[in-house]
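S.K.: There's a structure below that I have some questions on.
The values are calculated or read from the model by the stated rules, or taken from the named source; none is laboratory data. Everything numeric here is computed off the predicted structure, so don't read it as measured data. Every residue, glycine among them, receives a Cβ derived from its backbone with ideal geometry; neighbour counts consider all protein chains shown.
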Amino acid sequence: MSPEDLKFVRRTYFPTMIFQIDLPDPQEMNARLISNIYAERERDRKGISRSNLPQLGGWHSHNNLHKSKDFAELVTAVKIAGEKITEDLGYSTDHRLSIGTMWSIINPPGSANRAHVHPSCLWSGVYYIQAPEKSGDIEFIEPRTVHLMNQAKFQPNKKRSKENWTKVRFTPRAGRMLIFPSWLYHAVDPNMSTAEGDDANRIIVSFNINQTKK
Ligand SMILES: [Fe+2]
């Protein structure tokens, strides 16, 4: 028997999907969002404590930004993204993906977000509003922890195929949205930006979405 005689097929199941959505010409909307978010931080200096590390300066707003008209344009973008996901995955057309909670995070230099998941929802997302160089990549971690227990040896100096990755990192880019399964552990690196003043801040809006009956 030779290798050619074997009918050899690799099938892949249980994939982990991350949607990447780029908004067209986001500069004006982002400028408005930045001033709205700083105004919100002025109103609520303390914010709330979640994956942010307030002792390092990371600020986390309350969770109802989607109810404010100041965020309506972004809410619309998330709604359209939700419609695309619904279509792409063949979800029930009697339901829509709706925002349950939406918040903002400002990470000044030195702050980060610890690894966490977002309970009680289906999909979660992040929209990057200001992301200077080295302001902190987001890292998603292999959800199949069994796969982390015993790693195969791979060819050195050769890029592993995506099927064999145990983490994936995205460098934030203003105007980009990522939507990922809410159960997928993720963390944000410390902001190491060397930009001046507020330009060094990493500013995002994040949200949780669930299916609701139309
Ligand atoms: Fe998160």
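S.K.: Name the residues in region 41-66 that are out of contact with any strand residue (DSSP E or B) (no Cβ under 7 Å at 6 or more places or on another chain), in contact (Cβ under 8 Å) with a residue 40 or more places away in the chain and either part of a helix (DSSP H, G or I) or surrounded by 20 or more Cβ atoms within 10 Å (Cβ to Cβ) (or both), would you?
M.R.: Leu56
S.K.: Next question. Would you confirm, using the coordinates I've provided, whether Ser135 is among the polar types (S, T, N, Q), within 14 Å of the ligand (Cβ to nearest atom) and either in contact with a His (Cβ under 7 Å, 6 or more places away or on another chain) or closer than 22 Å to His60 by Cβ (or both)?
M.R.: Here the answer is no, as Ser135 does not meet what is asked.
S.K.: Residues of region 116-147 being assigned to a strand (DSSP E or B) and not small (Gly, Ala, Ser), which ones?
M.R.: Answer for region 116-147, where residues must be assigned to a strand (DSSP E or B) and not small (Gly, Ala, Ser): His116, Trp123, Val126, Tyr127, Tyr128, Ile129, Gln130, Ile138, Glu139, Phe140, Ile141.
S.K.: Read through the list (1) closer than 27 Å to Asp44 by Cβ; (2) modelled with pLDDT under 95; (3) away from the ligand (no atom under 16 Å from the Cβ), then give the number of the only condition that Ser120 fails.
M.R.: (3)
S.K.: Filter region 67-115 down to the residues that are surrounded by 15 or more Cβ atoms within 10 Å (Cβ to Cβ) and part of a loop (DSSP other than H, G, I, E, B), then identify the one that is nearest to the ligand (Cβ to nearest atom).
M.R.: Selected residue: Ala112.
S.K.: Something else now. In region 116-152, how many are surrounded by fewer than 19 Cβ atoms within 10 Å (Cβ to Cβ) and within 12 Å of the chain's Cα centre (by Cα)?
M.R.: Residues in region 116-152 being surrounded by fewer than 19 Cβ atoms within 10 Å (Cβ to Cβ) and within 12 Å of the chain's Cα centre (by Cα): 4 in total.
S.K.: Sticking with this one: Please verify whether Phe19 is in contact with a Leu (Cβ under 9 Å, 6 or more places away or on another chain), aromatic (Phe, Trp, Tyr) and within 16 Å of the ligand (Cβ to nearest atom), treating the condition exactly as stated.
M.R.: Spelling it out, Phe19 is indeed in contact with a Leu (Cβ under 9 Å, 6 or more places away or on another chain), aromatic (Phe, Trp, Tyr) and within 16 Å of the ligand (Cβ to nearest atom).
S.K.: Further question: Out of region 168-197, which residues are away from the ligand (no atom under 16 Å from the Cβ) and within 22 Å of Arg50 (Cα to Cα)?
M.R.: Listed by number, the residues that qualify are Thr171, Met192.
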